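Every number in this text was worked out from the coordinates using simple rules, so none of it is lab data. Not measured: the values here are computed from a predicted model. Because the Cβ atoms are built from the backbone with ideal geometry, glycine has one as well, and the counts that use them run over all protein chains shown.
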Amino acid sequence: MGILNYTPNSFFDGGKYNNVKNALKQIEKMLIDGADIIDVGAISSKPGSSILSLKEEKERLLPLFNEISKNFSDVIFSLDTFRSEIVKQFVNDFGVSIINDISAGELDSEMFKTIADLNLPYIIMHMQGTPENMQNNPKYNKPVELEIIEYFAKKLAKLKLLGINDVIIDPGFGFGKTLEHNYRLLNKLDSFNIIDLPVLVGVSRKSMINKLLNISPNEALNGTTVINTIALQKGANILRVHDVKEAKQAVTIVEMTKNS
């Protein structure tokens, strides 16, 4: 899954693809490099970021998807949003295939019903708090992986009652977790196999790499590839990345190793 941050303030590539022309070029590059899914988001969810208004989110996305629909009609796009109104409009008008919700329905009480009505694949992520406050001293009462598994179990029970079964889980690396929480989560990632659903991992150039190695996001490609490789070995099914070519190489090597 290739990341297209259509924002001016994302932590790594904020502003780099913040116009339609550059965004379309980046989508084309990621597809050439081997992306299976393109994940588009108009809201930065980096720690401390304030939430964009519904009006602003819609105004950012509309010009881009008008062009995407003309140029990439056969590509699978996921939409990174937590708003049901955005989901309805962009699924109905542009055929968005997957919804990637960092709040797992916590920030919009209509989201689950909307996903059920539209019969969409749905990515639910674990986040403690909101992007604005999630890194203000995050704490867990149990081992972090167990608490997150319990969180997903409750969410999945609600989704199942609505007839939603096409679900992907994302443990939410960096979303309300300390450095230690993130690395324990990576070490225990195979614990999520008990849920028997696809697991998405998004660690691309995140602070769990940069803080540990004392480097900048621009220097974090190697660390990202190392973590992606470990995640694949522990059962990750989807890698959400800025650098598609390198992630695809990691997938190819790990699959070859498993099949040898």
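Take the Cβ-Cβ distance between N165 and D190 as r, set R0 to 22 Å, and report the resulting FRET efficiency rounded to the nearest 0.05. In this case the efficiency is close to 0.45. Summing charges over all other residues whose Cβ lies under 14 Å from the Cβ of E150, with Lys and Arg as +1 and Asp and Glu as -1, gives +3.
So what's the net charge close to F82: Lys and Arg +1, Asp and Glu -1, counting the other residues with Cβ under 9 Å from its Cβ? Combined, the nearby Lys, Arg, Asp and Glu give -3. Pairs K160/K188; K29/K55; K46/K211; K21/K248; K29/K58: which are spaced more than 18 Å apart, C-alpha to C-alpha? Where the Cα-Cα span goes over 18 Å, the pairs concerned are K160/K188; K29/K55; K21/K248; K29/K58.
Each Lys and Arg adds +1 at its Cβ and each Asp and Glu adds -1 at its Cβ; summed about the Cα centre, the range 2-258 shows a dipole of about 440 debye. In the set (1) 0.93; (2) 1.06; (3) 1.14, the label that goes with Rg/Rh (Cα atoms, Kirkwood Rh) computed for this structure is (1). Between E106 and F72, the FRET efficiency estimated from the beta carbon spacing at R0 = 35 angstrom works out to 0.70. When the Gaussian network model of the chain links Cα atoms closer than 10 Å, the mean-square fluctuations of I238, I194, I209 top out at I194. Cβ-Cβ distance of S260 and S216, R₀ of 35 Å, FRET efficiency by 1/(1 + (r/R0)^6): the value works out to about 0.45.
With the helix formula -39500 (n - 2.57) applied to DSSP H stretches of n ≥ 4, the chain reaches a computed 222 nm mean residue ellipticity of -13500 deg cm²/dmol. For the pair I253 and N136, the difference between a 0.36 nm per residue extended length and the Cα-Cα distance amounts to 38.3 nm.
The alpha carbon gyration tensor of the range 1-117 gives principal lengths a ≥ b ≥ c with a/c of 1.5 or higher and a/b no greater than b/c, which makes the shape oblate.
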